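The values are calculated or read from the model by the stated rules, or taken from the named source; none is laboratory data. This one's a predicted model, so the numbers in the text were calculated from it and none came from an experiment. For neighbour counting, all protein chains shown are included, and Cβ atoms are generated from backbone atoms with ideal geometry for every residue, glycine included. Protein only, heavy atoms only, side chains kept; ligands, DNA and RNA dropped before computing areas. Shrake-Rupley method; radii C 1.70, N 1.55, O 1.52, S 1.80 Å.
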Amino acid sequence: VSVFPAASSSSNEVTTPKANEKIEIFRVSPAKLVVPTLAFPSISTADFQFDLDKASDIIVETAEAFLPKLGSARLVLVDLSHGSTILSLVKAKASRKNIDSGRFFTFVGDITKLHSQGGLHCNVIANAANWRLKSGGGGVNAAIFKAAGPDLEAATRARANTLLPGKSVLVPLPSTCPLHNAEGITHVIHVLGPNMNPNRPDCLNNDYTKGCKILREAYTSLFEGFLSTVQ
Ligand code: AR6
C-alpha cells in the first residue's frame, strides 16, 4: 500500500504519517488513501497581466472562505519557480490570517508533474484557460493541454466550446489520459480570469473594480467545481 505524504507549507519536503495514522490507513480502500487536493495556478497574473498584490488578496480570501466547506480536502497554489512573487505574497498573507497551512499552501513545481516530480498528489488541477478553451497559446494552458494529449481536448469539447470571464468548466479525464495514469489527475477545471493585457480579447483597460469582481467569481467558480468532485 502506498501512502501519499502531505506536503509541508514551507518547502517541498514531505512528512511521514505517524504509526497510529498508518493503522487507520490500512483499514480503508486504496482510493480513499488520497486526500482530495486541488492544485491551481495563479489565474490572470502572467499573460493576462493582473496586479499581483490584488490577486493575492483575492486568492487568500476566497480560499479561506472555502476551506470550511471542503472537509479535509486541500487547496494548493502552484507556480514554477522559488522566486515566484505571487507564491510569496499568498504565503505571507495566509500566514498572517492563521489559515491552516496543512489545508492551504503554496508549492513550487510544474502543475503537470506534481506527483512524478514533486511527490505531491493532486487529483484535480486548474487551468488558466482562454475563452475558446483551445490548446496552445502559452503559459499553463499550453503545458496542461500538451501533457494531457488529445484526450483533454475531446473531453473539454464534450463539456463546453467557450468560457466567459469569471466562469469555469469541470472536465473529467479518461483513464487513458497520460495526466490521469501518470499523475493521478481525474479532473481538469478550466478557468477564465479577467484580462488586463491589451493584446488579448476582452481587455478591461485597468478597470480593477470589474477585474477584482471577475477574479473573485473565477476563484469561487473554481473552488465550487472542486467541491463538487469532493462531495
Ligand atoms: N506549472 C505551474 N504554473 C505555471 C505553469 C506550469 N507548467 N506555467 C505557467 N505557470 P498564465 P493567465 C504559472 O500566463 O495570466 C494562456 O496563453 C505562471 O507563472 O498561464 O491567466 C491562455 O491561453 C502564472 O503564475 O495565465 C490565456 O490566453 C500562472 O501560471 C492566457 O495565457 C498563470 O499564468 C491566460 O493568462
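Just one of the numbered conditions (1) away from the ligand (no atom under 13 Å from the Cβ); (2) open to solvent by 40 Å² or more (accessible area, probe 1.4 Å); (3) touching a strand residue (DSSP E or B) at 6+ places or on another chain (Cβ under 7 Å); (4) small (Gly, Ala, Ser) is not true of Gly119: (2).
The number of residues in the range 143-161 that are among the aliphatic types (A, V, I, L, M) and open to solvent by less than 30 Å² (accessible area, probe 1.4 Å) comes to 5.
So for the range 100-108 (the condition being part of a loop (DSSP other than H, G, I, E, B), within 11 Å of the ligand (Cβ to nearest atom) and among the acidic types (Asp, Glu)), does at least one residue qualify? Step through it out loud before you land on a result.
So the first thing to find is which residues in the range 100-108 are part of a loop (DSSP other than H, G, I, E, B), and the list is 100-103.
When the remaining residues are screened for being within 11 Å of the ligand (Cβ to nearest atom), the result is none.
No, that holds for no residue.
List pairs: first residue in the range 214-231 and closer than 13 Å to Ala63 by Cβ and open to solvent by 20 Å² or more (accessible area, probe 1.4 Å), second residue of a type in the set (Ser, Thr, Tyr) and assigned to a helix (DSSP H, G or I) anywhere in the structure, Cβ distance under 7 angstrom, at least six positions apart or on different chains. Sorted first by the residue in the range 214-231, then by its partner, the pairs are Arg216/Thr62; Thr220/Thr62.
Pick from the range 155-196 the residues that are of a type in the set (Ser, Thr, Tyr) and out of contact with any Phe, Trp or Tyr (no Cβ under 8 Å at 6 or more places or on another chain): which of them is nearest to Glu224 (Cα to Cα)? Working first, answer last.
Going residue by residue through the range 155-196, those that are of a type in the set (Ser, Thr, Tyr) are 156, 162, 168, 175-176, 186.
Checking the rest, the ones that are also out of contact with any Phe, Trp or Tyr (no Cβ under 8 Å at 6 or more places or on another chain) come to 156, 168, 175-176, 186.
Working: Thr156: 18, Ser168: 9, Ser175: 23, Thr176: 26, Thr186: 16 Å.
Among those residues, the one meeting the criterion is Ser168.
Note on the range 122-164: residues that are within 11 Å of the ligand (Cβ to nearest atom) and of a type in the set (D, E, K, R) amount to 3. All conditions but one from (1) modelled with pLDDT under 50; (2) surrounded by fewer than 18 Cβ atoms within 10 Å (Cβ to Cβ); (3) within 19 Å of the chain's Cα centre (by Cα) apply to Glu13; the one that does not is (3). Annotation note: of Ala65, Ala31, the sole residue that is more than 16 Å from the ligand (Cβ to nearest atom), at pLDDT below 95 and out of contact with any Phe, Trp or Tyr (no Cβ under 6 Å at 6 or more places or on another chain) is Ala31.
Name the residues in the range 34-62 that are away from the ligand (no atom under 16 Å from the Cβ) and at pLDDT 95 or above, would you? Answer for the range 34-62, where residues must be away from the ligand (no atom under 16 Å from the Cβ) and at pLDDT 95 or above: Val35, Pro36, Glu61. Kindly evaluate Ser168 against the criterion of being touching a His at 6+ places or on another chain (Cβ under 9 Å) and of a type in the set (Gly, Ala, Ser). Answer is yes for this residue.
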